[in-house]
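Have a look at the structure below, then the notes.
The values are calculated or read from the model by the stated rules, or taken from the named source; none is laboratory data. Everything numeric here is computed off the predicted structure, so don't read it as measured data. Neighbour counts run over all protein chains shown; Cβ positions are idealised from the backbone, glycine included. Surface areas here come from the heavy atoms of the whole protein model, side chains and all, with no ligands, DNA or RNA. Shrake-Rupley method; radii C 1.70, N 1.55, O 1.52, S 1.80 Å.
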Amino acid sequence: MKDGIAAHRPIGIFDSGVGGLTVLRALHRRMPGESFLYLGDTARLPYGTKSAATVRHYALNAAGYLVEHGVKLLVIACNTATSYALDDVISSSPVPVVGVVEPGVRAALGIGAPRLAVVGTEGTIRSGSYQRALTRLDGSVEIRAAACPLFVPLAEEGWGDHPVTDQVARHYLGPLLEWGAEALILGCTHYPLLRPSLERVVGPRVRLIDSATSVADAVVADHGGRLDTTAATGEVFVHLTDASENFLRVARAILGYSPEHLELVDVRDTRP
Ligand code: DGL
């Protein structure tokens, strides 16, 4: 384990940028005694517009970096990376790996709505990961999927409650609402940051399924016995691949505090 990281092994989390902080926040609330090492691959953001091979390469770098830093559990807090690289990361990682797609799918099926819509990055939607997981777990559900490429930059900008975001959301979500979607799976960890605008656009009858809380529930359900859900002494380490003022501004808004242990790092040549 590298120096400076918590005395006991942290939980590793990665995403391209601020989106995975929604997962970090949900996990930390459930397990205040745990320490977390969050890697934001800000130098290579966004992942959602890149090819499968590139996202796989980035995900393996990020996972390798976190494993090298002694994490005991790896959470891929990115739907695009989960969609393209979950199996590769699992097969190369010496520690358990949790992705974001399946927990979101299970939460969505749990509400029993027959018409489910899923939104995500171009990569996530093109990969068909949600469509496959939904059909595998419940063949009777009707699914519509839409890529929303402008949502990630809006979330990175901190425009979660903004007229421009309302307008973009109406454009992307209009056809899904007309079709009669009863629940909308937010298949990108950046999207919960747009919740105020999204809620305004979809209205009270459409449930928003947030992959951040679903993944936190899944981690506690599957690994909670070995994790510290009690004491409130855990620390949060944030490593970024590019110095980003924007990241810090939005991170403060999401977490409610400024990350204390912040480092600029290079993950390019790392593999698990
Ligand atoms: N937050 C990520 C996801 O869940 C990636 C967004 C991006 O970098 O395009 O897909």
Relative to the longest principal Cα axis of the chain, at what angle does helix 52-68 sit, 0 to 90 degrees, rounded to 10? 40 degrees
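Sorting check: for 98-110, 171-183, which peptide has the highest mean count of neighbouring beta carbons within 10 Å, and how do the rest follow? Could the numbers behind the result be given before it?
On the way: 98-110: 23.5, 171-183: 15.7.
With the highest mean Cβ count within 10 Å placed first, the list reads 98-110, 171-183.
Using Cα pairs under 8 angstrom and six or more residues apart, how large is the relative contact order of segment 187-272, in percent? Don't skip to the end; give the middle numbers.
Numbers: 43 pairs, mean separation 20.0, N = 86.
Reported relative contact order: 23 percent.
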Segment 68-178: C-alpha pair distances exceeding 20 Å, %: 51 percent
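How would you rank 248-254, 161-167, 10-16, 215-221, highest first, on the average number of other Cβ atoms within 10 Å across their residues? Walk me through the intermediate numbers first.
On the way: 248-254: 17.3, 161-167: 14.7, 10-16: 28.4, 215-221: 20.1.
Result, highest mean first: 10-16, 215-221, 248-254, 161-167.
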Give me D for the chain in µm² s⁻¹, whole number, from Stokes-Einstein with Rh from the Kirkwood sum over alpha-carbon pairs, 37 °C and 0.692 mPa s. 178 µm²/s
Note down the net charge around Leu198, summing +1 for each Lys or Arg and -1 for each Asp or Glu among other residues with Cβ under 13 Å from its Cβ. 0
Between the alpha carbon centres of segment 122-190 and segment 212-254 the gap in Å comes to 23 Å
Sort 52-59, 18-25, 191-198 by packing, meaning the average of other beta carbons within 10 Å per residue, with the highest value first. 18-25, 191-198, 52-59
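Add -39500 (n - 2.57) for each DSSP H run of 4 or more in the chain, then divide by its residues: what number comes out at 222 nm, to the nearest 500 deg cm²/dmol? Let's see the in-between values first.
Details: 11 runs with 121 residues, N = 272.
When only DSSP H runs of four or more count, the value is -13500 deg cm²/dmol.
Using only alpha carbons, build the gyration tensor for segment 89-238 and give me the equivalent ellipsoid semi-axes, biggest first, whole Å.
Values: eigenvalues 144, 80, 44 Å².
Result for segment 89-238: semi-axes of 27, 20, 15 Å.
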With only alpha-carbon atoms counted, please give the Rg and Dmax of segment 169-272, in Å. 17.9, 48
As I understand it, the value is the acute angle between the Cα axis of helix 79-92 and the longest principal axis of the Cα atoms of the chain; what does it come to in degrees, rounded to 10? 40 degrees
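Give me the net charge for the shell around Val100: Cβ to Cβ below 11 angstrom, other residues only, Lys and Arg +1, Asp and Glu -1. List each step's numbers first, then the result.
Working: positive: none; negative: Asp15, Glu102, Asp210.
After counting each charged neighbour, the total is -3.
Please work out the average accessible area per residue across the chain, using the 1.4 Å probe convention, and give it in Å². The partial results should precede the final answer.
On the way: 11250 Å² over 272 residues.
Ligands and nucleic acids excluded, the figure is 41 Å² per residue.
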Rounded to the nearest 10 degrees, what's the angle between the helix 163-179 long axis and the longest principal axis of the chain, both from Cα atoms, 0 to 90? 60 degrees
